[in-house]
Every structure is written in C-alpha cells, then in structure tokens.
Amino acid sequence: MACEALERAGATPTAAASMARSTRLAERDGIRSHGLLYVPIYAEHLRCGKVDGEAIPGVERTRTAAVRVDAANGFAHPAIDAGWDAFTESARECGIGAMSLHNSYNCGVLGHHAERLAVDGLIGLCFTHAPASIAPVGGTKPVIGTNPFAFAVPDTNGAAKLVIDQSASVIAKSEILLRRQTGESIEPHWALDADGNPTMDADKALSGSMRPTGGYKGFGIGLTVEILAAALSGAKLSTQASPFSGKAGGPPSTGQFFIAIDPDAFAGAAFAPSLEHLCASIEEQDGARLPGARRAAHRKRIEVEGVAVEEALLQRIRDA
C-alpha cells in the first residue's frame, strides 16, 4: 500500500520501494512515529514539490575513504542506497570510511542505517540533522534540530549486537506529531512554548522548542551532529531548512553523515571476545539490557503478531 501510494504521488518505483521498505522496518520495530504515519506526509511532499520523486542521486568518491552524495532534493533513502556500495567498500579498503549526503530529506529511523552497517560487519556511526526545533540552554529561539546520532556494532552472526539511537531532544519530534494526530497531551518535560514556558499542548510545542536531553549536554550533542550532518556535508543548516511536515518552504535540503569502521583493521580477532565480555557484564545484571534490546523484542513479537493499523490512518494513505 505504501509503495503504491508513493508511486501514484510521483515517486519512481525505486524511490517508492526504498521508502516503503523504511516504513515497514519502522512498523516492524514498533516505531509507529516513523512508520505508516509518515506515508501521507511523504505523498503530500511529493505533490507539493518539497521532494523530487524523480531525483537521481549523484555519487562522488572525493577521496579513497570519502563518499559524497547529492540527494538532488529527493528522498534520503534511495540516495543512501546509491552511495552504499562505494561507502562500505571504502571502509573495508581503508579500515574506515565516511559518506556525506546533502540536498537530502528525513532519513527515517537513523538506527536502521547504523544497523545496516553492522549487518555488513562494520561498526556504524550515523548522524542526521533536522529543521531547527531546539533552542540553546538559556535561549528561546531554536537553532538546531532534534539531531539524532546512532551507533551499531556487529556480532559474529551477521547481525547487530547492540544499537544506540538517540536524539539531542528529550523525545523525538515525531512523537509530538503523533500526539497531535491522536489529540493526546504531551509530557510536561518534553517541550517549551514560544515564550520558553513548559507546555503539554502539542501545537504550542511545535511552535516553540524541544527540550534538549540533559540540558546543555544534550544541546552540545545536537550541535556536534549539526556540524557533521549539515556544515561538513554541505547541507542547509537547521535554521535554514524547511519543516519536515506541511507544505511550506520548498525542499528542506538537509544532510546526513555516516562513518563505517572495519573492526578487523584495528582490533582484529580480539574485537569480538572483548565486545562479548563487555555486553555480558551488562546483560548479566537483573533489569539491565543492551541498547536496542527493547526494539529487538518488539521486532520479534510484531513479526509473529503483525501490525495493527487504525482505519483512519489507512484511509489517509488511500486518499494520498
């Protein structure tokens, strides 16, 4: 359904399939805020021109271990796919490789891209920025986006041993968008209104600013991501990017920055047992779990039970 809706809205079969796959993975892992909820938004952005559904990404290998991708104001996912082979090849050749994307778009669940690197046997460190929604501590004007980073480490069985995926904000902005869709109040510690006051109103939060996790420490993490995913990638800054929701502003032209590391180039055979020992010291404690374990549990359950989708959302996708 998602693939068909996006093709009818103007995406090429390749782009639509890439986005539909991302949507399925989000629903599979129980991350509803990045799943089918976004399909009507993607379709709307195709129709209004915020996304070029026929964009052809340009891939340039600027150095032996450096890959630069111009997403051409299309979706991020097919642009990431376009540069993937050159990117992972550079990491294996040099021990470490990096890929930047500019003129890009929302890349969905960032942890899925880091996990994809782990499945390829590489350590993945991924950064993406978003339209400005976090003000500096002490200020009221948003300067950076929720700006997540993700980190994934391979196990010895062709999967990810752990996945860290967290944003610079207390909660992902998409969670507030989801609450607005359902009419629910947000939590009091999630956001501030335009005057810098705490709010539980999703609309006021979206016109105000998100709270950074850990105060100034969270803002520092978000600023680091901003420099890598926006400034270093040649993308628009978060203050210059148009919103990921609504029709206003034209293409957001945001960016991503991915790093891949081949463990064999550094620790060699010592890496796997060291990682296992480290992870065991966490898992052996009652009540403790590795980062990504909850998502993996959702995945295991949902692959058996399937996904429950509200009829209203299905109708919005049909209308799209």
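Rundown of residues vs (1) surrounded by 15 or more Cβ atoms within 10 Å (Cβ to Cβ); (2) of a type in the set (A, V, I, L, M, F, W, C), yes/no style:
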{"site": "PRO252", "(1), (2)": "yes, no"}
{"site": "ILE259", "(1), (2)": "yes, yes"}
{"site": "GLY268", "(1), (2)": "no, no"}
{"site": "LEU275", "(1), (2)": "yes, yes"}
{"site": "LEU278", "(1), (2)": "no, yes"}
{"site": "SER281", "(1), (2)": "no, no"}
{"site": "ASP286", "(1), (2)": "no, no"}
{"site": "GLU310", "(1), (2)": "no, no"}
{"site": "LEU313", "(1), (2)": "yes, yes"}
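Can you tell me how many residues in region 163-204 are assigned to a strand (DSSP E or B) and farther than 17 Å from ILE31 by Cβ? Write out each step before concluding.
Our first condition is that a residue be assigned to a strand (DSSP E or B); within region 163-204, this holds for 163-166, 169, 191-192, 198-199.
If we keep only those that are farther than 17 Å from ILE31 by Cβ as well, we get 191-192, 198-199.
Number satisfying all stated conditions: 4.
Checking ALA11, ALA16 one by one, the residue that is crowded, with 24+ Cβ neighbours inside 10 Å and part of a helix (DSSP H, G or I) is ALA16 and no other. When restricted to residues that are out of contact with any helix residue (DSSP H, G or I) (no Cβ under 8 Å at 6 or more places or on another chain), over 12 Å from LEU177 (Cα atoms) and in contact (Cβ under 8 Å) with a residue 12 or more places away in the chain, region 188-210 contains 7. Taken residue by residue, region 1-24 has no member that is touching an Asp or Glu at 6+ places or on another chain (Cβ under 8 Å), in contact (Cβ under 8 Å) with a residue 60 or more places away in the chain and within 22 Å of LYS300 (Cβ to Cβ).
So which residues in region 74-117 are assigned to a helix (DSSP H, G or I), within 21 Å of ASN147 (Cβ to Cβ) and in contact with a helix residue (DSSP H, G or I) (Cβ under 6 Å, 6 or more places away or on another chain), if there are any at all? Hits for region 74-117 are HIS77, HIS112.
Quick note: the coordinates plus some simple rules give every number you see, no bench work behind them. Source: prediction; values computed, not measured. Cβ atoms come from the backbone with ideal geometry, glycine included; neighbour counts cover every protein chain shown.
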